[in-house]
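Here's the structure we're looking at; comments come further down.
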Amino acid sequence: MVSQHPPSVDQLARSLEDTGLPHPLLVDAARSAISSGDASDVEVRARGIAERMARNLLTGVINGTGVLLHTNMGRAPVDVSMNSGRYTNLELDLVTGERGSRQDRVPQLLAKVCGAEAAIVVNNCASAVMLVLAALAREESVAVSRGELVEIGGGFRIPEVITQSGAKLVEVGTTNRTRVKDFAKAIKKENVVLTLSVHQSNYRIEGFTESVKISELAELGVPVVADIGSGLIDAGCPWLESGPPSWLMNEPAAKQTLEAGADLVTFSGDKLLGGPQVGVIAGNADLVNACSSHPLARALRPGGLVLNALEKIVLAYLNRDSDAIPFWRMATLSVEDLLSRAKAISEQWASETLSTPGGGTLPGVEIPSAGLVIPGDYSEEMRLNDPPIICRVVDGKTILDLRTVHPDDDEVIAAAITALGK
Ligand SMILES: *Cc1c(COP(=O)(O)O)cnc(C)c1O
């Protein structure tokens, strides 16, 4: 319909009601369409704007990229469904009826799986590091190797986090080589109250390098904090029947880092732990208590929905039930099984592929996988599917890696490929 006169904002907004958006958002869409061009195609423009808004509401997506921890898709997939509208016992002890702490239960189960005396859970790993430094080293000095003054993900820079926490950074050694003697000298000269070791999660320095082991730092007489980042719980992977996969390589694990002498470890919940977005501080009970009683702990505490999702994952670790941890279930699927799923979707396009762990962990690591490889770029058609399917395009080919796709979604992918006329 081509209007002679520009339609009223209200009229235009009402004509978009079938998009399902609330009226105030439709009014925004109508206003912005009216002000951005002439009247002849204002309806089309308004509909385009409203559809883009509706499309960008948070929704479940099918991850066909083969990147197991995809930063743009919330890293590890988790089940955040919870008792539909009921209250929870978040801070209530159901045995005594007294007030409890949200930090008493799930964090203690988590401490158990990583062999720590105690643990607390905060919003993410960046806030875990910040809280540890604020609670244990405010107005004091923290020694860090120059090789570990890294930036991890957008904006998490170790020197800036230290400054923000109110601690003073003492740089030790050089970019490629730092020895335990360098730390000992710094501790003697400055008022160093803790050493911080940061895992170089997303990059690697190769060649003429030397770094200080946790066991050596532990000899120096000040608490050692190890930011291991990835949240691998135990290098032995007892929750996997087949033991640790070869691609894990030398990824530091919470249990072994504590055994080596770290007083505290910090890590993310949504990387190799395979849980929701949280940060964990685990280790020595006195140091963990100092963190929980700091005022920032309240500001950084997680909500009940997140703790519930984390509890499911931690119980799965205690049950050694890797099938209940979506990340580990997908990470350990065999290429044969993936290939037979791919062939069931499309005999023609089934192919071997390569997955990656992602999430800023294990740089350069590839995991043999299988999926569909279709000549041409169909990423937009796939993304506009309902539900959206996110894929990779490499060398002009669309790659749908089935490792990161739940088998229940195979039929959605089959239908989307059929719709391409492929
Ligand atoms: C990923 C990572 C962080 C940041 O973790 P978030 O949970 O994203 O805040 C910090 N330190 C290390 C070593 C990491 O790998």
Karplus ³J(HN,Hα) for the stretch 306-320 (6.51 cos²θ - 1.76 cosθ + 1.60, θ = phi - 60°; Hz, whole; x = Gly/Pro) runs 5, 5, 5, 5, 5, 4, 4, 5, 5, 4, 4, 4, 5, 7, 6
SASA check, Asp182, accessible area w/ 1.4 Å probe, all protein chains in place, rounded to nearest 10 Å², comes out at 40
Any residue on another chain or 5+ positions along whose placed amide H is under 5 Å from the amide H of Ser197 is listed here as Val225, Ala226, Asp227
For the stretch 171-218 the chymotrypsin sites (Phe, Trp or Tyr not before Pro) that pass both the DSSP coil test and the at-most-16 other-Cβ-within-10 Å test are Tyr203, Phe208
A chain fully extended from Arg31 to Asn191 at 0.36 nm per residue, minus the present Cα-Cα distance, gains in nm 51.6 nm
Taking only the alpha-carbon positions of the stretch 32-110 as identical scatterers, the Debye log10 I(q)/I(0) at q = 0.12, 0.17, 0.27 Å⁻¹ comes out as -0.71, -0.90, -1.21
From the cross-link list Lys112/Lys213; Lys168/Lys255; Lys343/Lys422, the entries with a Cα-Cα span beyond 21 Å are Lys112/Lys213; Lys168/Lys255
Simple spin-label estimate for Phe208/Lys112, 7 Å along Cα→Cβ, in nm, reads 5.1
Once the in-chain neighbours fewer than 8 apart are removed, the aspartates and glutamates whose Cα is under 20 Å from Lys397 read Glu347, Glu352, Glu366, Asp377, Glu380, Glu381, Asp410
Residue-normalised value, i.e. accessible area per residue, for the chain at 1.4 Å probe, in Å², stands at 49
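Keeping every protein chain in place, order Ser141, Ser84 by accessible area at 1.4 Å, biggest value first, i.e. largest first.
Numbers: Ser141 10, Ser84 110 Å².
From most accessible down to least: Ser84, Ser141.
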Taking only protein heavy atoms and a 1.4 Å probe, the highest-to-lowest accessible-area order of Arg403, Arg146 is Arg146, Arg403
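Would you please give the FRET efficiency between Arg157 and Asn319, computed as 1/(1 + (r/R0)^6) with r the Cβ-Cβ distance and R0 = 35 Å, to the nearest 0.05? Please report the intermediate quantities before stating the final value.
Values: r = 38 Å, r/R0 = 1.09.
With R0 = 35 Å, the Cβ-Cβ based efficiency is 0.35.
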Placing each pseudo-label 7 Å from Cα in the direction of the beta carbon, Ser293 and Ser334 end up separated by a distance in nanometres of 5.5
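Students sometimes get this wrong: rank Tyr87, Tyr317 by accessible area, probe 1.4 Å, all chains present, largest first. Walk me through the intermediate numbers first.
On the way: Tyr87 215, Tyr317 15 Å².
Result, largest first: Tyr87, Tyr317.
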Reported to the nearest 10 Å², Val80 has, with a 1.4 Å probe, an accessible area equal to 80
All alpha-carbon distances of the chain, grouped into 10 Å bins from 0, give the whole-percent distribution 4, 19, 24, 22, 17, 10, 3, 1, 0
For Thr88 and Thr418, extending 7 Å from Cα along the Cα-Cβ vector and measuring point to point gives, in nm, a value of 4.0
Probe 1.4 Å, all chains present, heavy atoms only: Ile49 accessible area in Å², nearest 10, is 30
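What's the carbon and sulfur percent of the chain's accessible surface, probe 1.4 angstrom, rounded to a whole number? Intermediate values should be presented prior to the final figure.
Working: 10350 of 20720 Å².
Here carbon and sulfur together make up 50 percent of the probe-accessible area.
The values are calculated or read from the model by the stated rules, or taken from the named source; none is laboratory data. Note that the coordinates shown come from a computational prediction; the quantities given were computed from them, not determined experimentally. Because the Cβ atoms are built from the backbone with ideal geometry, glycine has one as well, and the counts that use them run over all protein chains shown. Note: accessible area is taken over every heavy atom of the protein model, side chains too, but ligands, DNA and RNA are not part of it. Shrake-Rupley method; radii C 1.70, N 1.55, O 1.52, S 1.80 Å.
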